[in-house]
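What follows is one structure encoded as structure tokens, with my remarks underneath.
The values are calculated or read from the model by the stated rules, or taken from the named source; none is laboratory data. What you see is a predicted model, and the numbers here were worked out from it, not measured in a lab. Don't worry about glycine lacking a Cβ; one is built from the backbone with ideal geometry, like all the others, and counts go over all protein chains shown. Protein only, heavy atoms only, side chains kept; ligands, DNA and RNA dropped before computing areas. Shrake-Rupley method; radii C 1.70, N 1.55, O 1.52, S 1.80 Å.
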Amino acid sequence: MLNVEDWAEIRRLHRAEGVPIKEIARRLGVARNTVRAALRSDGPPKYERVSRGSVADAYEPQVRALLMEWPRMPGPVIAQRIGWPYSEGPLKKLLARIRPEYVGIDPADRVVYEPGEIAQCDLWFPETPVPVAERQARIVPVLVVTLAFSRFLSATMIPSRQAGDILAGMWLLISQLGRVPKTLVWDRESAIGGTGRVSVPAAAFAGTLATRIRLAPPRDPEFKGMVERNNGFFETSFLPGRAFADPQDFNDQLGAWLPRANSRIIRALQARPVDLLETDRQAMTPLPPEPPAVGLTHRIRLARDYYVRVDTCDYSVDPRAIGRFVDIVASPTRVLVFCDGAPVAEHERNWAKHAVITDPGHVATAHQMRLALAEQRRAQQQAQQSGTRRHSDGHAVAIRALPDYDALFGVDFNPTSPTSPTAPTDPTAAPAAEASNP
């Protein structure tokens, strides 16, 4: 087959220099018909391989019949239904070619974002475990927020993916921004909208901020592809070569790196996010006058072991609240416990798994309470043995003899006494049974 270089040379020699066809064929060592064909063609020669067909061609009608009724039937199921005897490669190629005819094609439009309209939110899980306690490191989620108009990035590491911790991280980033985006886009994160509807804590959060939370369709990462790409950007540009002492160190290093990330030129915008941020902010709504309810909160009756559980960690509480209801409020940094509005415990939030955090003061109070209870029981036992009864304040109960009460009320229950109410009034009177006898 004539290559492109020879084709171009043939046309130059004949049209520019007027070399005859016979001479061109001699110089290039090709047939004269090849020269004539090159002069007649309108474009350069192309190599086209002749298709030899595929072993899947004979099964195409059966495959189409199945796809017509079940467009998304998996390839292995189709292979089983049609009795496919070969390797899966040819069948995969056939399905890739004809399946779109039955499931349809979903084109993606280019979206133009207006200032202040949308912020895309997601959780990023760094592949590097972060130390959270002695001899314990874990992969901790990072909340990432990307403003769609300016591409401005903000992020912070949070203790867990529970609703209270996610909302606390969102409020932290939004309060640092100083304004509220009109729409917060989330995927179907279980704590935000795992059922397809915005969860109650997330809806309350959005209502307080006068914004809305929009959930992405299922299995559609392109819906918030901007923040998804930024997660990959963190993996390749922030994480390599770094080591972290604890979550606070991670947030410190991330906070120092984010200004550099927001100062790079975005090709799609031909501008830097930091330069467009103010335009984005001015179109947002103001912060609410009162902060939203965030963090982990719940209420329990304090058990005898005077510990409460937050996430997977146990925190000690003043044992004087045993048997009463206590309210637990946990932020990413602190754990507070209240009983009837009064604080009964305060701890630093521990991000480890299954840790036990104890206040020595609570242990000392519990020890004193046990000693007091033991002393009270010994005193009761001694009182029971000595026959002395005591009031609740500790002083002895006075015990009188029963005849004292008889004398007080002027009665005598002794039948031989003349003052006894049962004694006869006339000592000379005979019994009734004797008087009736003849």
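The trypsin sites (Lys or Arg not before Pro) of region 241-270 that meet both conditions, a loop assignment by DSSP and at most 10 other Cβ atoms within 10 Å of the site Cβ, are R267. Taken as Cα centroids, region 309-375 and region 7-23 sit 97 Å apart, rounded to the nearest whole angstrom. Pick from L373, L66, L172: which is most flexible by mean-square fluctuation in a GNM of the chain where alpha carbon atoms under 10 Å apart are linked? Per the Cα network of the chain with a 10 Å cutoff, L66 tops the list. A 1.4 Å probe run over the protein chains yields, for the chain, 63 Å² of accessible area per residue, whole-number rounding. Remark: relative contact order (the chain) = 11 percent; criterion is Cα-Cα distance under 8 angstrom and separation of 6 or more residues.
How do K92, K182, K46, K224 stack up against each other in accessible area, from largest to smallest, with a 1.4 angstrom probe?
Numbers: K92 120, K182 80, K46 155, K224 5 Å².
Listed by decreasing accessible area, they come as K46, K92, K182, K224.
Computed about the Cα centre, the dipole magnitude for region 159-202 is approximately 160 debye when only Lys and Arg (+1) and Asp and Glu (-1) carry charge, each at its Cβ. Solvent-accessible surface (1.4 Å probe) assigned to V198 amounts to roughly 60 Å². To make sure I understand the rule: partners must be lysines, Cα under 22 Å from the Cα of K224, and not fewer than 8 residues away in the same chain. Which ones qualify? Here the lysines satisfying the reach criterion relative to K224 are K182. Potential lengthening of the chain between R26 and T297 amounts to 88.3 nm, from the contour at 0.36 nm per residue minus the alpha-carbon distance. The length gained on full extension between Y113 and T279, counted as 0.36 nm times the residue separation minus their Cα-Cα distance, comes to 58.5 nm. Each Lys and Arg contributes +1 and each Asp and Glu -1, all at the Cβ; summed about the Cα centre of region 273-401, the dipole is approximately 1260 debye.
Think of it as helices only: each DSSP H run of n ≥ 4 in the chain is worth -39500 (n - 2.57), and spread over all residues that comes to -11000 deg cm²/dmol at 222 nm. Figure legend: label point modelled 7 angstrom from the Cα of D340 along Cα→Cβ; residues of region 296-319 with amide N under 19 Å from it are 299-304, 306, 317-319. Computed on protein heavy atoms with a 1.4 Å probe, the accessible areas place L177, L184, L336 in the order L336, L177, L184, largest first.
Quick check: the distance between the Cα centres of region 201-262 and region 97-166, to the nearest angstrom? Their Cα centres are 5 Å away from one another. Going through [x] 2.00; [y] 0.95; [z] 1.00, the figure that equals Cα Rg over 2.2 N^0.38 Å as computed for the structure here is [x]. In the chain, a dipole from Cβ-located charges (positive for Lys and Arg, negative for Asp and Glu) runs towards its positive end, and of V344, P403, Q248 it is Q248 whose Cα lies farthest in that direction. Each Lys and Arg adds +1 at its Cβ and each Asp and Glu adds -1 at its Cβ; summed about the Cα centre, region 245-345 shows a dipole of about 160 debye.
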